[in-house]
Every structure is written in C-alpha cells, then in structure tokens.
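All of the numbers you see were taken from the coordinates with simple rules; none came from a lab. Worth saying up front: this structure is predicted, and the values here are computed from it rather than measured. Here the Cβ positions follow ideal geometry from the backbone for every residue, glycine too, while neighbour counts run over all protein chains shown.
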Amino acid sequence: MRKKLVTISKRFLILILLMAILSLIFPTWTPGIRGENSISTLGQVEINGAGHEVMIRGVDRDNPILIFVHGGPGCSEIPYARKYQKELEQHFTIVHYDQRGSGKSYHFLEDYSELTTDVLVEDLLALTDYVTAELGQDKVSLVGHSFGTYIGTKAAAKAPDKFHAYIGIGQVADHVQSELDSLNYILAQAKQAGHAEDVASLEHLRGSIERGEMYTPRNMVRKYGGAARQIDENRDYILGFLFGPEYNALDVIRYFMGIQATQELLLKEESGQHLPDLVEELEIPTYFVMGKYDYMTSVNAARKYFDELEAPVKEFKVFEHSAHYPQFEEKEQFATWLMETYKSY
C-alpha cells in the first residue's frame, strides 16, 4: 500500500511539473470576433528595431483606429483590456501594444538601462506608421492612459500629422503638484477614518514629496479610493494572467522583469522633466479625460495643465463615479462619450 502511495505521489508531482512547463510555453492568442471584415490579431511585430507585442481588435477593420498607450510605466493592459472594450470594438479598430521593455515586449537578453521616454515616443510613432499601413488608413486617434499620457502627449506634439486627435486619460501634468494633491487627499481620508498610523507615516513623507523625490505611496492611494472605485484593477490583472489567452506564465515573468528593469528609470525622468514644461501646445483636437476621484494623477493638476495648454479644440471631461480608470470604471459612458466626440473632430 505504501509503495502504491509513493507511486501516486510521484505521478502527481510529474503532472504538476508538466502543467507548470506547459503554462510557460502555452501558445497565446486573442479570441476571434464574428464578422466578414473583423480583425483580432495578437503577435510580435518589429517596431523601430525592437520586437513589440501588438493586439488589434475590431468588428470592422475599416472602422477608425484607436491606439491605446498603456501606463505604469511597464503596466501592459493587454491582459485585461478586452474585458472592457466590447462596445468600442463595434465602432473602432482598437490597438493595444506592450511598450519596449514592458510585458510581452520585454526580451531577456536586451539591455534597458538607457531607455528613455523619447525612445518610447519614437516607438509609438513607428507603430502608428505600421498600423495605418496595415489597415489602409491615413491617421489614428491617440489615447494615452496614466504614464502613457506622458508618451502620448509628446508623440502628438512631435508628429501631429499622424493623429486625428489626442485623448489623455488620467493625464500626467506637474509631478509635484499632482503628488501633493494625492498626499493631502489621502491624509484627509485617513484622518476621517481615524487611522493614526497612516496619518503619521504619510506626514513623514511630505518633505520628500514636496521636493519631488518620491511618489505618494500607491498602496495608500488604492486603500483610500484614489485609484479605482468601480473595479478592482489588481484582480483584473490576476484573472487576466491566470485565465486570459493573451498571456502565459512566461509572459507574466516578462511583465514583472520589465517593471523591475524600466519603471524606476522612467518615473525618475517623468518626475524630473515635467510635461507642462515640455509640451505647451498641441496642433490637434485635445481631450483630457479624468475620473473625479483620481489621485494617481490628480484632476487639479491636470486641469491646470489643460488651462495652459494651447490646442485648436479642447475639452476637459470628468467622469463622476471614477478614479484613475474611467475608461474601465464607466465603460458604457466612456464609449458613448468617445463615439460622440469622434464625430466632432
């Protein structure tokens, strides 16, 4: 009997090992979309000399193109974005990509120590050329999210002829002002909740934040509702990693290694070179889209930048029930707003 149990245990361990190996190499894809002219592709494309993972989805490939620029830095939205864009796929052809050194675009033997946002801007412009050629269109609408707005704003300023419009969701603005807004909001929430330890630890950070040396702790921003109100973005990632067909276990390893390799480097650049000082004018219609409770990138700082930014057409749109992810937290309202807005430019 004991020998039989040992045999069963060995077989179980072998099965677990095989499953772990399969999870690392399991082929990835994005589910198909019904329709004679639909498109649903996921794969590596060489962009600006580096392999980039690109996902393109839409009911009709001839629909207007939206390119989404993810934030983080390093936080691909491919693992879960599909969950929130079904309505948008009816009206637009949607492009998501993992930026150089991020997610499935992280390559183990590449050196990312010299990576800058200027390189990421050039990658985005090259991706835009690839997508427009592939889909037979002249321009795209550019949608940045969070840190992706830092890249997207610079790209829109550098090559406005490639874009119909620029849309910044959770728009980056003056780093110090945004972080102080976050700190003050979280402090107020912590005091109201009677969390004395949180209050003390946050007050201890004030000097460093005022000098632009650090960010308001993101775990605290999430704890007090300044990151998401209607969704759990961390759970979205976990479920996307575990059950979504777009990522396998090896891709998850890439994701975390990419964050380790690039995030601190790029955040240091963003905090030292404030976007309002770099881009004072855009030559295309410009839309800032914010959640009312966003304290990852504060509404107050974004509004100040919006007021100073020159553009032929501008709109500052606030979603009343969202924080940092209005495109996901209020996906139906966002889709309606975007479809109506597209008709106007």
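Once both labels are positioned 7 Å from their Cα atoms along Cα-to-Cβ, the gap between E340 and K304 label points is 3.0 nm.
Treat every Asp and Glu Cβ in the chain as -1 and every Lys and Arg Cβ as +1, leave all other atoms uncharged, and give the resulting dipole magnitude about the Cα centre to the nearest 20 debye. It would help to have the intermediate numbers written out before the result.
Working: 34 positive and 49 negative charges, 427 e Å.
In debye, rounded to 20, the chain gives about 2060.
Here the calculated FRET efficiency for V313 and T132, from their Cβ-Cβ distance with R0 = 22 Å, stands at 0.50, rounded to the nearest 0.05. Using the charge dipole of the range 39-344 (Lys, Arg: +1 at Cβ; Asp, Glu: -1 at Cβ; taken about the Cα centre), state which of T149, I56, I186 has its Cα farthest towards the positive end. Going by the charge dipole, the pick is I186.
List R222, R235 from most exposed to least, where exposure is judged by having the fewest other Cβ atoms within 10 Å. Kindly include the intermediate steps, with their values, before the conclusion.
Numbers: R222 19, R235 10.
Going from sparsest to densest Cβ surroundings: R235, R222.
Positive contributions from Lys and Arg (+1) and negative ones from Asp and Glu (-1), summed over other residues with Cβ under 13 Å from the Cβ of E246, come out at 0.
Just to confirm a number: summing +1 for Lys and Arg and -1 for Asp and Glu over residues other than L275 whose beta-carbon lies under 9 angstrom from that of L275, what do you get? Each step should come with its number before you reach the end.
Details: positive: K154; negative: D174, E270, D277.
So the surrounding residues net to -2.
Residues whose amide H falls under 5 Å from that of H321, counting only those 5 or more places apart or on a different chain, are K292, with hydrogens built in the peptide plane.
Taking F243, F163, F288 in turn, the Gaussian network model of the chain (Cα-Cα springs below 10 Å) assigns the largest fluctuation to F243. For the pairs K83/K331; K158/K317; K86/K292; K162/K268; K158/K314; K86/K154, note any where the Cα-Cα span goes beyond 20 Å. The pairs that break the limit, which is 20 Å between Cα atoms, are K158/K317; K86/K292; K162/K268; K86/K154.
Looking at the chain, the DSSP beta bridges with both ends there are about 35 percent antiparallel.
For the range 127-172, trypsin sites (Lys or Arg not before Pro) are listed when DSSP marks them as loop and at most 16 other Cβ atoms sit within 10 Å of their Cβ; the list is K139.
With a cut-off of 13 Å between beta carbons, the residues surrounding P79 carry a summed charge of -2, where Lys and Arg count +1 and Asp and Glu -1. Taking all Cα pairs closer than 8 Å and separated by 6 or more residues, the relative contact order of the chain comes to 20 percent. For the range 222-230, backbone phi angles converted through the Karplus equation (6.51, -1.76, 1.60; θ = phi - 60°) give residue-by-residue couplings of 5, 4, 9, x, x, 10, 8, 10, 9 Hz, Gly and Pro being listed as x.
Please name whichever of H164, H91, I231 sits farthest to the positive end of the charge dipole of the range 39-344, dipole taken about the Cα centre and charges placed at Cβ: Lys and Arg +1, Asp and Glu -1. Going by the Cα projections, it comes out as I231. Considering only Q327, Q263, Q171, the Gaussian network model of the chain with Cα springs below 10 Å gives its largest mean-square fluctuation to Q263.
Note on semi-axes √(5λ) of the Cα gyration tensor in Å: of the candidates [x] 29, 22, 20; [y] 46, 21, 16; [z] 33, 28, 19, the value calculated from this structure sits at [z].
Name the residues of the range 61-103 whose amide N is less than 20 Å from a point 7 angstrom out from the Cα of H321 along the C-beta direction? Output list for this probe position: 83-88.
Would you work out which of L275, F256, L205 lies farthest towards the positive end of the dipole of the range 197-281? Charges go on Cβ: Lys and Arg +1, Asp and Glu -1. It is F256. Across T216, T153, T116, mean-square fluctuation computed from a Gaussian network of the chain (C-alpha pairs under 10 Å connected) peaks at T116.
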